[in-house]
Protein chains: 2
Amino acid sequence: MKLTNSEWQLMNCLWERHPATARGIAERLPDDVTWAYTTIRTLLARLVDKGAVREYKEGKTSLYEPLLARDTARRSALKTLVNQAFDGAYGPLMHFLVNDRRLSRQQREALARILENQSEKKGE
Amino acid sequence: MKLTNSEWQLMNCLWERHPATARGIAERLPDDVTWAYTTIRTLLARLVDKGAVREYKEGKTSLYEPLLARDTARRSALKTLVNQAFDGAYGPLMHFLVNDRRLSRQQREALARILENQSEKKGE
DNA sequence: GCTCACTTACGACATTTGTAGTATTTTCAG
DNA sequence: CTGAAAATACTACAAATGTCGTAAGTGAGC
């Protein structure tokens, strides 16, 4: 199940709190996202189509609830990225993370050691 | 600089060996990618447009060379993913990686320890 | 019962992405 | 030189994505 960028925004809101109305989601979107109400509706409809979200009526109001689990979506996004940009293997991704400057020297060294082990074992 | 999926395929070939001709790239694409020659040309043109690739003539043949560094592209893709799916922070990404079953128990435990340190420091 | 504000249903439209086709120019083997 | 094979340039086009607009329905007060 692949989500587009805008779909992630909505899903993030939904995962955080659900069920939710379209209006409720609108209110909890990040400040830099200023979509028209109908835009949100359209996106939700697409998500329902994809089977990532369930829509049901409570009286007359539409409520939305995620069907797709956040972890599942994350795993899938990560896999896509890894295939696309890291030769399809998690090793290179880890490697990259290690060599990147977001970790302190200590953390990097420790991680690097782990990676050595991992590469000897040849992961999936 | 954002690359699309098919652009990644091409770039991966280019990073591996360059400069390269369109034909040369065609030959080194993964087996499951069977694009027409013109498709590759179109994609390369788009990459040149974006400034990710440089095209120049060696005599009459067009040669292509990456301008965008692989690491830069990776960093950017990772950042996009993190923003989209991991609350914009690398911590949750690491966390996810650790809890995922791609690492052996040992590796996971070691990584987890590292992460504890990291979260105390509050990363970017 | 009528109106106003909000919700819903549906359609719309520009851009981006994936994937080629065609027509023209070059090139290379005979 | 000649004709076939390869390269270029340009155009095309459907599907996916981002982003609404409008018209019709509905419920809550006056």
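Out of residues 5 or more away from B:GLY88 or on other chains, whose amide H comes under 5 Å of its own, with H placed 1.01 Å from N in the peptide plane?
The list, which skips near neighbours in sequence, is B:ASN83.
Would you mind checking the tilt of helix A:105-121 against the longest principal axis of the Cα atoms of chain A, expressed as 0 to 90 degrees and rounded to 10?
Helix A:105-121 and the main axis of chain A meet at about 80 degrees.
Give the separation of the Cα centroids, the stretch B:48-86 to the stretch A:23-49, in Å.
The distance from the Cα centre of the stretch B:48-86 to that of the stretch A:23-49 comes to 32 Å.
Can you pull out the buried accessible area for chains B and A, both sides counted, probe 1.4 Å, rounded to the nearest 100 Å²?
Buried area (both sides, nearest 100 Å²): 3300 Å².
In whole Hz, what ³J(HN,Hα) sequence does the stretch A:28-33 give by Karplus (6.51, -1.76, 1.60; θ = phi - 60°), x for Gly and Pro?
9, 6, x, 4, 7, 9
Under 1.5 on a/c is rounded, so check that first for the stretch B:37-95, then, if it is not, pick prolate when a/b is larger than b/c and oblate when it is not; a ≥ b ≥ c are the square roots of the alpha carbon gyration tensor eigenvalues.
The shape class here is prolate.
Using a 1.4 angstrom probe, figure out how much accessible area chain B has per residue, in square angstrom, rounded to the nearest whole.
57
Please go through the residue pairs A:LYS79/B:LYS79; A:LYS50/B:LYS79; A:LYS2/A:LYS79; A:LYS2/B:LYS50; A:LYS79/B:LYS50 and name each one whose alpha carbons sit more than 18 Å apart in this structure.
Checking Cα-Cα distances, A:LYS50/B:LYS79; A:LYS2/B:LYS50; A:LYS79/B:LYS50 exceed 18 Å.
Among B:GLU55, B:GLU65, B:GLU16, determine the one that fluctuates most according to a GNM of chain B built with springs between C-alpha atoms less than 10 Å apart.
B:GLU16
How far is helix A:90-99 tilted off the main Cα axis of chain A, in degrees rounded to 10, range 0 to 90?
Taking the Cα atoms of chain A, the angle to A:90-99 is about 80 degrees.
Would you mind checking which residues have amide H under 5 Å from B:ARG54's amide H? H placed 1.01 Å from N; only 5 or more apart, or other chain.
B:GLU65, B:LEU67
Within chain A, what's the longest stretch lacking trypsin sites (Lys or Arg not before Pro) that sit in DSSP loops with no more than 15 other Cβ atoms inside 10 Å?
The longest such stretch corresponds to A:18-59.
Across the residues of A:6-17, average count of Cβ atoms on other protein chains within 10 Å?
For this peptide, the per-residue mean of nearby foreign Cβ atoms is 1.
Rounded if a/c is under 1.5, else prolate if a/b is larger than b/c, else oblate: which is the protein assembly as shown, with a ≥ b ≥ c the root eigenvalues of its Cα gyration tensor?
Oblate, since a/c reaches 1.5 and b/c is not below a/b.
So how tilted is helix B:37-50 from the main axis of chain B? Cα-based, degrees 0 to 90, rounded to 10.
Around 60 degrees separate the two axes.
Please get the size of the charge dipole for the stretch A:5-66, origin at its Cα centre, with Cβ charges of +1 on Lys and Arg and -1 on Asp and Glu, quoted in debye to the nearest 20.
Value, rounded to 20: 260 debye.
Of B:ALA20, B:LEU63, B:LEU10, which is farthest towards the positive pole of the stretch B:5-66's charge dipole, taken about the Cα centre with +1 and -1 on the beta-carbons of Lys, Arg and Asp, Glu respectively?
In the stretch B:5-66, that residue is B:LEU63.
Which whole-Hz couplings ³J(HN,Hα) result when phi for each residue of the stretch B:71-85 is put into the Karplus expression 6.51 cos²θ - 1.76 cosθ + 1.60, θ = phi - 60°, listed in order with x for Gly and Pro?
Result, ordered by residue: 4, 4, 5, 4, 4, 5, 5, 5, 4, 4, 4, 4, 5, 6, 10 Hz.
Given axes a ≥ b ≥ c from the Cα gyration tensor, I'd like to know whether chain A is rounded (a/c under 1.5), prolate (a/b larger than b/c) or oblate.
Prolate.
The values are calculated or read from the model by the stated rules, or taken from the named source; none is laboratory data. The structure presented is a predicted model; accordingly, all values stated were derived computationally and were not measured. We place every Cβ from the backbone using ideal geometry, glycine too, and count neighbours over all the protein chains shown. Note: accessible area is taken over every heavy atom of the protein model, side chains too, but ligands, DNA and RNA are not part of it. Shrake-Rupley method; radii C 1.70, N 1.55, O 1.52, S 1.80 Å.
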